[in-house]
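Notes to accompany the following structure.
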Amino acid sequence: MKPTRVLVVEDDPNIVDLIRSNLLVRGYDVDVATSAVTALAQFVCHDPAVVLLDLMLPGGDGFEICRRIRQMSPVGIIVVSARTREHEKVRALNLGADDYLTKPFGVDELLARLVATLRRCRPADPPADVVEIKLGHVHIDLDAQAVYRDGERVRLTPTEYSLLQVLALNEGKLMSYGLLLREVWGPGYEESREYVRVYVGRLRAKLERAGYPPLIFTEPRAGYRLVAPDGSEPSV
């Protein structure tokens, strides 16, 4: 099996050595970019499965790198940053980051988040008897892991698709923050409610139509509920 390739975008040589040595010994291929200028070139050249991205980089802004990578690819993006303010974490998630790890970090936590991100890039198989789900103007092809809005394919990241799949397969049910975090992000994320809020917002922006009933409803302080528009039942 071909090793999983990880791109580390980081200018601190001590952190680079720490990450690279621990990933190499576990069988990953590792590429390193030490500036914003080289980050995109390395990304295009090596096509990694996951990007570990610092936000404070020579020659540019890590937020902009995150945005540009997300425009090009659904690759997993884990921000690894010393910035701890919540609005910066939310900004990174809104730009398409899948996870946000704060420095200083432990190697075990980094590896766990890397594995979780790779798992989200390979969504769980749906029930064998469910091939597609139709929710008004939204059509989900579970076999192809493809989503269509008004007949046109919508580009979703793996995390967005995983969240939509969990909500759609439980149509009409209240899905708590904790349950969604465990199902989509995995163990250890139960307190990261902002992840769900940001990604539900991303799904709404991509799938819902102005002037029409919403697809995903917020249940205050509880979670979210996906409901087929106009009260129609999903076709499975």
- Item | Whole-Hz ³J(HN,Hα) from phi, Karplus 6.51 cos²θ - 1.76 cosθ + 1.60, for the stretch 94-109, glycine and proline x | 5, 7, x, 5, 8, 7, 9, 10, 8, 7, x, 10, x, 4, 4, 5
- Under the Karplus curve 6.51 cos²θ - 1.76 cosθ + 1.60, θ = phi - 60°, whole-Hz ³J(HN,Hα) for the stretch 11-18, x wherever Gly or Pro sits: 9, 7, x, 5, 5, 4, 4, 4
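Efficiency by 1/(1 + (r/R0)^6): what FRET value for GLU86 and ALA144, r their Cβ-Cβ distance, R0 = 35 Å, to the nearest 0.05?
Values: r = 36 Å, r/R0 = 1.04.
For R0 = 35 Å, the calculated efficiency reads 0.45.
So what's the net charge close to GLU160: Lys and Arg +1, Asp and Glu -1, counting the other residues with Cβ under 10 Å from its Cβ? It would help to have the intermediate numbers written out before the result.
Numbers: positive: ARG120, ARG155, ARG202, LYS206; negative: ASP98.
Net charge in that neighbourhood comes out at +3.
Within the stretch 18-131, what whole-number % of the accessible surface is contributed by carbon and sulfur, with the 1.4 Å probe and all protein chains included in the calculation? Write down the numbers at each step before the final one.
On the way: 2860 of 5220 Å².
Exposed carbon and sulfur together represent 55 percent of the surface.
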- Message: Keeping all protein chains in the complex and leaving out DNA, RNA and ligands, what accessible area do you get for HIS139 with a 1.4 Å probe, in Å² to the nearest 10?
- Response: 50 Å²
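What percent do you get for the relative contact order of the stretch 1-134 when only Cα pairs under 8 Å and 6+ apart count? List each step's numbers first, then the result.
Working: 194 pairs, mean separation 27.1, N = 134.
Contact order relative to length: 20 percent.
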- Query: Which percent of the accessible heavy-atom area of the stretch 145-236 goes to carbon and sulfur, probe 1.4 angstrom?
  - Reply: 47 percent
- Task: Before anything else, pin down the relative contact order of the chain: Cα pairs under 8 Å, at least 6 apart, normalised by residue count, whole percent.
- Result: 14 percent
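Just to confirm a number: summing +1 for Lys and Arg and -1 for Asp and Glu over residues other than HIS139 whose beta-carbon lies under 11 angstrom from that of HIS139, what do you get?
On the way: positive: LYS134, ARG149, ARG153; negative: GLU132, ASP141, ASP150, GLU152.
Residues near HIS139 contribute -1 overall.
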- In degrees from 0 to 90, rounded to the nearest 10, what is the angle of the helix 36-46 Cα long axis to the longest principal axis of the chain? 70 degrees
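Estimate the FRET efficiency between GLU64 and LEU174 by the formula 1/(1 + (r/R0)^6), using the beta-carbon distance for r and 41 Å for R0, to the nearest 0.05. All intermediate terms of the calculation are to be shown ahead of the outcome.
Numbers: r = 38 Å, r/R0 = 0.92.
The computed FRET efficiency comes out at 0.65.
For GLN71, what charge total do you get from the other residues with a beta carbon under 11 Å from its beta carbon, if Lys and Arg give +1 and Asp and Glu give -1?
Working: positive: ARG67, ARG68, ARG70, ARG155; negative: GLU64.
Surrounding charge for GLN71 is +3.
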- Spacing of the two label points (7 Å from each Cα toward its C-beta) at ASN94 and VAL37, in nm: 3.0 nm
- Could you list which residues have their amide H under 5 Å from that of LEU226, counting only those 5 or more apart in sequence or on another chain, with H placed in the peptide plane? GLY172, LYS173, PHE217
- Message: I'd like to check one number: the per residue accessible area of the stretch 110-209, probe 1.4 Å, reported in Å² as a whole number.
- Response: 44 Å²
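Put PHE217, PHE105, PHE43 in order of accessible area, largest first, 1.4 Å probe: what do you get? Spell out each step's value before the answer.
On the way: PHE217 80, PHE105 35, PHE43 10 Å².
Accessible-area ranking of PHE217, PHE105, PHE43, largest first: PHE217, PHE105, PHE43.
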- Compare the Cα positions of LEU156, LEU118, GLY106 along the charge dipole of the chain (+1 at Cβ of Lys, Arg; -1 at Cβ of Asp, Glu; about the Cα centre) and return the one farthest towards the positive end. LEU156
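Could you grab the relative contact order for the stretch 156-210? Cα pairs under 8 Å, six or more apart, rounded to a whole percent. Provide the component values of the computation, followed by the final result.
Numbers: 32 pairs, mean separation 18.4, N = 55.
Relative contact order comes out at 33 percent.
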- As straight-line cross-link partners of LYS206, the qualifying lysines (C-alpha separation under 30 Å, not fewer than 8 residues apart within one chain) are LYS89, LYS134, LYS173
- Task: Determine the dipole magnitude for the chain: charges of +1 sit on the beta-carbon of Lys and Arg, -1 on that of Asp and Glu, nothing else is charged, the reference point is the Cα centre, and the result goes in debye to the nearest 20.
- Result: 280 debye
- Which whole-Hz couplings ³J(HN,Hα) result when phi for each residue of the stretch 180-188 is put into the Karplus expression 6.51 cos²θ - 1.76 cosθ + 1.60, θ = phi - 60°, listed in order with x for Gly and Pro? 5, 5, 5, 6, 9, 8, x, x, x
- Specify the angular offset, from 0 to 90 degrees and rounded to the nearest 10, of the alpha carbon long axis of helix 62-72 from the longest principal axis of the alpha carbons in the chain. 50 degrees
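The values are calculated or read from the model by the stated rules, or taken from the named source; none is laboratory data. Just so it is clear, the model here is predicted, and its values are computed rather than measured. In this analysis, Cβ positions are derived from the backbone assuming ideal geometry, glycine residues included, and neighbour counts consider all displayed protein chains. The area values use the complete protein model at the heavy-atom level, side chains included, leaving out ligands, DNA and RNA. Shrake-Rupley method; radii C 1.70, N 1.55, O 1.52, S 1.80 Å.
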